[in-house]
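Scroll down for the structure; my scribbles are underneath it.
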Amino acid sequence: MVEKLVIFDSVFGNTEKVAHAIGEALGDAPVRKVDQVTEQDLQNLEILLVGSPTRAFQPTPAIKNFLKGLDSGKLSDVKAAVFDTRIPKDKTDSGFLKLMINLFGYADTKIEKLLLKSGANISLESTGFAVTGTEGPLAEGELDRAKAWAKRIFE
């Protein structure tokens, strides 16, 4: 049996909903909020998906601190993928916000860099799931899209 895990942080509950949809798509993989992940959760891991809301163009401090705290090579041979929740650039009327997104991006790229430092093998292109406002909710169809995206890690 493939050992799988979905780790997330969430502020308004949107990223948590996506994480649970992904866990379901992976065959009911365990889903853990980042502050509840134990050392045992990381043992014999083969597939890891990590997600965070985008807050000030970054993942949450809890996600960053967790990943920075992993030993180099801790995730060697682990197939990993990254997701975030975000307000899509094309869904905002704010020219300033569009400029800032162009300059600083979203949480996914920062999470991916931290996973790579821990030796993970990024096996699926990172993606973001749309929220319709600062506090959400998720845009229509995003949970189904999350499930379809997560299943691609087995390809």
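The set of residues from the stretch 8-39 being more than 21 Å from LEU124 (Cβ to Cβ) and either in contact (Cβ under 8 Å) with a residue 12 or more places away in the chain or part of a helix (DSSP H, G or I) (or both) comprises VAL11, PHE12, GLY13, LYS33, ASP35, GLN36.
Checking the conditions here, which among VAL31, VAL18, VAL2, VAL37 is in contact with a helix residue (DSSP H, G or I) (Cβ under 6 Å, 6 or more places away or on another chain), farther than 17 Å from PRO137 by Cα and either at pLDDT below 95 or aliphatic (A, V, I, L, M) (or both)?
VAL31
Looking only at the stretch 64-105, which residues are more than 14 Å from LYS117 (Cα to Cα), in contact with a helix residue (DSSP H, G or I) (Cβ under 7 Å, 6 or more places away or on another chain) and of a type in the set (S, T, N, Q)? Answer for the stretch 64-105, where residues must be more than 14 Å from LYS117 (Cα to Cα), in contact with a helix residue (DSSP H, G or I) (Cβ under 7 Å, 6 or more places away or on another chain) and of a type in the set (S, T, N, Q): THR85, THR92.
Inside the stretch 21-53, can you point out the residues that are open to solvent by 30 Å² or more (accessible area, probe 1.4 Å), more than 19 Å from ILE153 (Cβ to Cβ) and not charged (D, E, K, R)? Of everything in the stretch 21-53, those that are open to solvent by 30 Å² or more (accessible area, probe 1.4 Å), more than 19 Å from ILE153 (Cβ to Cβ) and not charged (D, E, K, R) turn out to be GLN36, THR38, GLN40, GLN43. Under the condition of being touching a residue at least 60 places away in the same chain (Cβ under 8 Å) and touching an Asp or Glu at 6+ places or on another chain (Cβ under 7 Å), which residue from the stretch 76-88 is most open to solvent (accessible area, probe 1.4 Å)? Selected residue: LYS79.
Condition test on LYS64, is it farther than 18 Å from GLY136 by Cβ and not small (Gly, Ala, Ser)? Break it down into steps so the answer makes sense when it comes.
Working: farther than 18 Å from GLY136 by Cβ: yes; not small (Gly, Ala, Ser): yes.
Answer is yes for this residue.
For PHE66, indicate whether it is open to solvent by 20 Å² or more (accessible area, probe 1.4 Å) and either farther than 21 Å from GLU125 by Cα or not basic (Lys, Arg) (or both). The answer is yes for PHE66.
Conditions tested, residue by residue: (1) open to solvent by 40 Å² or more (accessible area, probe 1.4 Å); (2) more than 25 Å from GLU24 (Cβ to Cβ); (3) under 16 Å from the mean Cα position of the chain (by Cα); (4) of a type in the set (Val, Ile, Thr).
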position	(1), (2), (3), (4)
ASP90	yes, yes, no, no
ASP93	yes, yes, no, no
LEU103	yes, yes, no, no
GLY136	no, no, no, no
ARG145	yes, no, yes, no
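Within 14 Å of the chain's Cα centre (by Cα), crowded, with 22+ Cβ neighbours inside 10 Å and hydroxyl-bearing (Ser, Thr, Tyr): is that true of SER10 in this structure? For SER10, the condition - within 14 Å of the chain's Cα centre (by Cα), crowded, with 22+ Cβ neighbours inside 10 Å and hydroxyl-bearing (Ser, Thr, Tyr) - is not met.
The values are calculated or read from the model by the stated rules, or taken from the named source; none is laboratory data. Treat the numbers as computed from the prediction; the structure is a model and nothing was measured. Heads up, the Cβs are rebuilt from the backbone with ideal geometry, glycines too, and the neighbour counts pull from every protein chain shown. The accessibility values were calculated without ligands, DNA or RNA, using every heavy atom of the protein model including side chains. Shrake-Rupley method; radii C 1.70, N 1.55, O 1.52, S 1.80 Å.
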